[in-house]
1. Scan region 258-271 and give yes if some residue there is closer than 17 Å to F356 by Cα and in contact (Cβ under 8 Å) with a residue 60 or more places away in the chain, otherwise no.
2. Does D212 fit the bill of being over 22 Å from D50 (Cα atoms) and either exposed (fewer than 14 other Cβ atoms within 10 Å of the Cβ) or of a type in the set (A, V, I, L, M, F, W, C) (or both)?
3. Of all residues in region 88-102, how many are within 22 Å of the chain's Cα centre (by Cα) and either assigned to a strand (DSSP E or B) or surrounded by fewer than 21 Cβ atoms within 10 Å (Cβ to Cβ) (or both)?
4. Which members of region 236-263 meet the condition of being surrounded by 22 or more Cβ atoms within 10 Å (Cβ to Cβ) and part of a loop (DSSP other than H, G, I, E, B)?
5. Would you tally the residues in region 103-144 being surrounded by 20 or more Cβ atoms within 10 Å (Cβ to Cβ), among the aliphatic types (A, V, I, L, M) and free of Cβ contacts under 8 Å to residues at least 60 places away in the same chain?
6. With the condition kept exactly as written, say whether any residue in region 42-55 is farther than 23 Å from A340 by Cβ, of a type in the set (S, T, N, Q), in a helix (DSSP H, G or I) and open to solvent by 30 Å² or more (accessible area, probe 1.4 Å).
7. Go through (1) over 9 Å from the mean Cα position of the chain (by Cα); (2) buried (at least 23 other Cβ atoms within 10 Å of the Cβ) and name the single condition L179 misses.
8. Any residue in region 8-29 that is on the phi > 0 side of the Ramachandran plot and open to solvent by 60 Å² or more (accessible area, probe 1.4 Å)?
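The values are calculated or read from the model by the stated rules, or taken from the named source; none is laboratory data. Everything quoted here is computed from the prediction, not taken from an experiment. Neighbour counts run over all protein chains shown; Cβ positions are idealised from the backbone, glycine included. SASA here: full protein model, heavy atoms, side chains in, ligands and nucleic acids out. Shrake-Rupley method; radii C 1.70, N 1.55, O 1.52, S 1.80 Å.
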Amino acid sequence: MTEKRVYNFSAGPSMLPVAVLEKAAKQMLNYEGSGMSVMEMSHRSSSYLDIFEKTKGLLKKVMNVPDNYKIVFIQGGATQQFSMVPLNLLKNGKADYAITGAFSKKAAAEAKKYGNIHIVYDGSSNDFKHIPTQDELDLSKDASYLHICANNTIYGTEWKYVPETNGVPIIADMSSNILSKPVDVSKYGMIYAGAQKNMGIAGLGVAIIREDLLQDVAQTTPVLLDYKLMIKNDSMYNTPPAYAIYVLGLVLEWIDSLGGLEVMKERNEKKAKLIYDYLDQSTFYKAHSDKENRSLMNVTFTTPNKDLDAKFVKESIEAGMTNLKGHRSVGGIRASIYNAMPYEGVEKLVAFMKEFEENNR
């Protein structure tokens, strides 16, 4: 690790690859001989348009995005998509939503403002420890789409399969697991994500939309909430989150240089296995999620009581780790181990967990 840097287990904004930070720092004052920082560039300048096109091209390459999908960069992060999705895609006023955590619950609540929303599954009663099986989904035949949250940051669960919907498009919020493993984009009508977890820095939302789903929206729809209009203007109806797009490009370069999403998957599975294997043999710690639904990105667990949870967090900071406190709504411990977290950081965490268990039994 670079001198004095901590292992940052934040769920977002999260840590970035050191190589990305170093390149951004090197280019901060003078980007490739332009005489200025990317932060200072006009989004219409040739220098910035090169960055923009390169970033979009790398995303298409790394995720193997089919030609019949459009990529759009949007301000407002993933939460803005909670409104944009129903405003743009509720073709018959009906949609299905699976509630598997806090953000899918918020997405469904927002969609109810715009149409008839059917909840196909609600995991509230089991504290969102479980992802529904295909048989547990009460799907509608005439829904405009099914909305899911592919990975639940707060509760540490992840969809391990793509639901069968008999042709109903699936809209997936992949904010906390995008770029962590290969994804068959063609199985989704739309994928969207906030950038600050696994793609870069806060302020950017990324959407990948199948062309046939795009339609004209009501004239009362705000211009910046209209996918078709944003795509027509190549994400530049207004000034886009220019620096955040640049950082996404650096992250994609880093992923591509390491071998792409297959390599990311191998790295992430190795990191997650190290923590989960220790949790499974421990009688001191308790993992939150059901074993078959565990997230590769967000590992959630508790110690025997809340006082020990707080002590764990305090002492972990003293040990050179940070942001291990669980979300305020659930408490406990949460270790977010996105692509940028090195294996050494997870080794350090598990060593600390062992020592803490020995000292606090």
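1. We begin by selecting, within region 258-271, every residue closer than 17 Å to F356 by Cα; these are none.
No, region 258-271 contains no residue that is closer than 17 Å to F356 by Cα and in contact (Cβ under 8 Å) with a residue 60 or more places away in the chain.
2. Values: over 22 Å from D50 (Cα atoms): yes; either exposed (fewer than 14 other Cβ atoms within 10 Å of the Cβ) or of a type in the set (A, V, I, L, M, F, W, C) (or both): yes.
In short, yes.
3. To start, the set of residues in region 88-102 that are within 22 Å of the chain's Cα centre (by Cα) comprises 88-89, 96-102.
Restricting the remaining residues to those that are either assigned to a strand (DSSP E or B) or surrounded by fewer than 21 Cβ atoms within 10 Å (Cβ to Cβ) (or both) gives 96-99, 102.
The total comes to 5.
4. Selection gives P240, P241.
5. Number satisfying all stated conditions: 5.
6. There is at least one residue in region 42-55 that is farther than 23 Å from A340 by Cβ, of a type in the set (S, T, N, Q), in a helix (DSSP H, G or I) and open to solvent by 30 Å² or more (accessible area, probe 1.4 Å).
7. (1)
8. Here is the first cut: in region 8-29, the ones on the phi > 0 side of the Ramachandran plot are 12.
Retained after the next criterion (residues that are open to solvent by 60 Å² or more (accessible area, probe 1.4 Å)): none.
Among the residues of region 8-29, not one is on the phi > 0 side of the Ramachandran plot and open to solvent by 60 Å² or more (accessible area, probe 1.4 Å), which makes the answer no.
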